[in-house]
Amino acid sequence: MSQSLLAPLEQKLRALEDQGLRRVRQTTHTPCRPRVIVEGEQLLAFNSNDYLGLAAHEQIIAALQEGASLYGVGSGSSHLISGHSKAHRLLEERLANLLSLHVPSARALYFGTGYMANLSILSSLADSAGSDLCIFSESLNHASLIDGMRLARSPLQRYAHCDTEALAELLTRSTARTKLVVTDSVFSMDGDIAPIAELLALCERHGAWLLVDDAHGFGTLGPKGIGVLEHLRLRSSQLIYMGTLGKAAGVGGAFVAAHETLIDWMVQRARPYIYATATPPAMAHALLTSLEIITGAEGARRRAHLEELIQQVKAIPLPAGWTRPASQTAIHPWILGTNAATLAASARLRARGIWVSAIRAPTVPTGSARLRISLSAAHTHDDLTQLAHALQ
Ligand SMILES: *Cc1c(COP(=O)(O)O)cnc(C)c1O
């Protein structure tokens, strides 16, 4: 291969290395649990999004095996050709039913990933409204929403983090026929929750859609784990709800729940949905069991334990110079600032048997590199005591 093609890449990789920004993947040899074997080392992990500890749950493993027996392994095709199985349909019906109290006339659409779901919502709405669409985007939105907006190529206005007044002003001034406000519910690198009730009131006043990305809320928030809308008791046909199923639900994929007309439009026009092979039906089958656990007594017990762990982690004293933004969720950022300090702290914890990832730019703004502690109901109080001791 011509050296001139590789040389610029090698140079950029070296520059990333020098800035402490070169990423390497760590190979795990065990299921996703608090105690894992990583590159041959046994570690206590605080970095998964498996908030309820369902990723290695016996009943869900059995359901996945049963799904493979019932439906085989691959779906064989996209949903619109022949890949849409009964398992997908049952899952979508169950999800629509769960969200129906919050989104009237809801239907649900299941996707292979949340990333695809976000690309699909944004690009298909833009496809319908064309240049009459204006998107209003929260400044800390997840990368998949940002990429969806790029794909939509609609006019875009950004508002500062949780600044509802700034958004109100933008909406008032906008002359767009179709308005869409886009926000994460729980911010993935900070753990705080967007003012969804206020945002929804604004959207209703201005006739705007509100797209809520509840990747970190579905399963963990609300009495039955149905997410941020249940937690805040919100209901509106202007809501477009996106929940992921690979985090608290422990399996994989994501869904959009919205008015049936919008879902039907997405089936016609969402290219990331139409031009992708349907997920293995066994995954949808396993998710039915996961949803039973999430919404039942066991889910409630797991959420109650997670809540105790959240209170416990907030009380851990931090070394001088580290800061911790307030968080009511399972995500707790400990901000050190520089990449070098954050990588060094992560390495020192690892030497004591604790695995916490260093989060750096561009995932978070430059200068706010952090250790991101994420808790799971599978953690014990002793696990957090061990983390606190390792910090001393
Ligand atoms: C993880 C995440 C996604 C993407 O979901 P996947 O199913 O992992 O593709 C989207 N939005 C937010 C806020 C997330 O944290």
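The values are calculated or read from the model by the stated rules, or taken from the named source; none is laboratory data. Nothing here was measured: the structure is a model prediction, and the numbers come from that model. Note that each Cβ is placed from the backbone with ideal geometry, even for glycine, and that neighbours are counted across all protein chains shown. Please note that ligands, DNA and RNA were not included when accessible areas were found on the heavy atoms of the full protein model with its side chains. Shrake-Rupley method; radii C 1.70, N 1.55, O 1.52, S 1.80 Å.
Pairs are defined by a Cβ separation below 9 Å, a sequence spacing of at least 6 or placement on different chains, a first member in segment 31-47 that is more than 16 Å from GLY250 (Cα to Cα) and without any contact (Cβ under 8 Å) to a residue 40 or more places away in the chain, and a second member that is β-branched (Val, Ile, Thr) and surrounded by 12 or more Cβ atoms within 10 Å (Cβ to Cβ); the pairs so defined are ILE37/THR28; ILE37/THR30; GLU39/THR28.
Scan segment 343-353 and give yes if some residue there is within 22 Å of GLY246 (Cβ to Cβ) and part of a loop (DSSP other than H, G, I, E, B), otherwise no. Let's see the steps before the verdict.
Residues of segment 343-353 within 22 Å of GLY246 (Cβ to Cβ): none.
Checked segment 343-353: no residue is within 22 Å of GLY246 (Cβ to Cβ) and part of a loop (DSSP other than H, G, I, E, B).
Output the number of residues of segment 239-276 satisfying the condition of being crowded, with 19+ Cβ neighbours inside 10 Å and among the polar types (S, T, N, Q). So the answer is 1.
You will find that of GLU292, GLU308, the residue that is among the acidic types (Asp, Glu), open to solvent by 50 Å² or more (accessible area, probe 1.4 Å) and in contact (Cβ under 8 Å) with a residue 24 or more places away in the chain is GLU308 and no other.
Return the only residue of ALA345, ALA300, ALA320 being open to solvent by 40 Å² or more (accessible area, probe 1.4 Å) and farther than 30 Å from ALA96 by Cα.
Exactly one residue qualifies, and that residue is ALA320.
Is there a residue being under 26 Å from the mean Cα position of the chain (by Cα) and within 16 Å of the ligand (Cβ to nearest atom) anywhere in segment 166-179? Looking for residues that are under 26 Å from the mean Cα position of the chain (by Cα) and within 16 Å of the ligand (Cβ to nearest atom), one finds none in segment 166-179, hence no.
If we keep just the residues of segment 167-197 that are among the hydrophobic types (A, V, I, L, M, F, W, C) and open to solvent by 30 Å² or more (accessible area, probe 1.4 Å), which is farthest from GLU230 (Cα to Cα)?
MET189
Restricted to segment 46-93, and to residues that are open to solvent by 50 Å² or more (accessible area, probe 1.4 Å) and in contact with a strand residue (DSSP E or B) (Cβ under 8 Å, 6 or more places away or on another chain), which residue is farthest from ALA300 (Cα to Cα)? The qualifying residue farthest from ALA300 (Cα to Cα) is GLY76.
Annotation note: Cβ proximity below 7 Å between a residue of segment 314-328 that is part of a loop (DSSP other than H, G, I, E, B) and a residue that is open to solvent by 80 Å² or more (accessible area, probe 1.4 Å) (sequence gap 6+ or interchain) occurs for LEU318/ARG324.
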